[in-house]
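Below: the structure, in structure tokens.
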Amino acid sequence: MKPDQQFGQIVILNGAPRSGKSTIARVIQETFDGPWMNLGVDVYVREITPPRYRPGLGLRPGGERQDIEPLVPLFYSALYETIAAHSRLGLNVVADVGHHDAYSIPRRILNHCARRLSGLPVLFVGVHCAIEAIMERRNLGQPGRDNQYAVGSEHDPIPGPVLAWQREVHVPGIYDLVVDTSSTSAEHCADAIRQRLLGEDTGPTAFEQLANLAPN
């Protein structure tokens, strides 16, 4: 957050599951100046969303949960309104998300969420990670994390749902900054974010561009 900035800085980390978003968020909380509130998907799904409506806004591409899919835009709206409220109070926010539009019908959630943060300082970061690194992390497993898409056999090395995330999560690919956790540590990714925040603003931000793409 720049010293003369009126609102709290917002950093949105977008990427596939196991791409390293949560680790970057923790580094930001631990090393950036001032309080950084974590309002990402993990917190929202595990601590706020009722169990029968999970994974909620963590619903993966494919449209296989059409019973809860109509609620997903509402969940995202609530999350982004919460992010906006924190920023307007002067609190910095880091949020790890996994946006995609591969539902049973196009819902343009990312575009509408961008509008909800209109007028606020937002840095939209694409968190890339090679599929091989993601599968290695899945196969090693993490406490408390869903590991149902680990490699099953040599004949099915990368399950379809994992490939779907890789294919859909970075559409349309409009970002202020892109980092790659398969070749760069979380600490270096966080430092790149820090340097980008300290730089001069030039032209429309990614969220300003995305907001303009949202239908009226």
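Contact order, relative form, for region 10-212: 32 percent (alpha carbon pairs under 8 Å, 6 or more residues apart, mean separation divided by residue count).
For the chain, the equivalent ellipsoid derived from the alpha-carbon gyration tensor has semi-axes of 27, 21, 16 Å in decreasing order.
Relative to the present Cα-Cα distance, how much length would full extension add between Ser182 and Asn212 at 0.36 nm per residue of separation?
Numbers: separation 30, 0.36 × 30 = 10.80 nm, distance 3.20 nm.
Residue separation times 0.36 nm, minus the Cα-Cα distance, leaves 7.6 nm.
Round to a whole angstrom and tell me the spacing of the C-alpha centers of region 188-216 and region 9-85. Between the Cα centre of region 188-216 and that of region 9-85, the gap is 19 Å.
Roughly how many debye, to the nearest 20, is the charge dipole of the chain about its Cα centre, given +1 on each Lys and Arg Cβ, -1 on each Asp and Glu Cβ, and no other charges?
Numbers: 20 positive and 24 negative charges, 103 e Å.
Charge dipole of the chain: 500 debye, to the nearest 20.
Backbone amide hydrogens, once placed in the peptide plane, bring Leu177 within less than 5 Å of Phe124, Gly126, excluding anything fewer than 5 places away on its chain. Using r as the Cβ-Cβ distance of Thr202 and Arg52, and R0 as 45 Å, what FRET efficiency do you calculate, to the nearest 0.05? It comes to 0.45. Ranked by how many other Cβ atoms sit within 10 Å of their own Cβ, fewest first, the residues Glu200, Glu47 fall in the order Glu200, Glu47. Only one residue of Ala211, Gly63, Ala130 has its Cα farthest out toward the positive end of the dipole of region 10-212, where Lys and Arg carry +1 and Asp and Glu -1 on Cβ, and that residue is Gly63.
Whole-Hz Karplus values for region 10-21 come out as 10, 10, 9, 9, 10, x, 6, x, 6, 7, x, 4 Hz, taken residue by residue from phi with 6.51 cos²θ - 1.76 cosθ + 1.60 and θ = phi - 60°; glycine and proline positions read x. For Val11, the residues 5 or more places off, or on other chains, whose built amide H falls under 5 Å of its own are Val93, Val94, Ala95, Leu123. From the helices alone, meaning DSSP H stretches of at least four residues, give me the mean residue ellipticity at 222 nm for the chain, per-run term -39500 (n - 2.57), in deg cm²/dmol to the nearest 500. Calculated from helices alone, the mean residue ellipticity at 222 nm is -10500 deg cm²/dmol.
Give the order of Phe124, Phe32 when sorted by the count of other beta carbons within 10 angstrom, beginning with the fewest.
Details: Phe124 25, Phe32 18.
Fewest to most other Cβ atoms nearby, the residues stand as Phe32, Phe124.
Between Glu136 and Glu64, what FRET efficiency comes out of the Förster formula 1/(1 + (r/R0)^6) with R0 = 25 Å and r the beta carbon distance, rounded to 0.05? Don't skip to the answer; put the middle values down first.
Working: r = 26 Å, r/R0 = 1.03.
It comes to 0.45.
Using the Karplus relation 6.51 cos²θ - 1.76 cosθ + 1.60 with θ = phi - 60°, the per-residue 3J(HN,Hα) values for region 195-205 come to 5, 5, 5, 7, x, 6, 6, 9, x, x, 6 Hz, with x marking Gly and Pro.
Here the spin labels are modelled as points 7 Å beyond Cα on the Cα-Cβ line, and at Ser118 and Leu74 they lie 2.3 nm apart. In terms of packing, defined here as the mean over residues of other Cβ atoms within 10 angstrom, the peptides 67-79, 178-190 line up highest first as 178-190, 67-79.
Just so you know, all these numbers are worked out from the coordinates, no wet-lab data involved. Worth saying up front: this structure is predicted, and the values here are computed from it rather than measured. Note: ideal-geometry Cβ built from the backbone for every residue, glycine included; neighbour counts use all protein chains shown.
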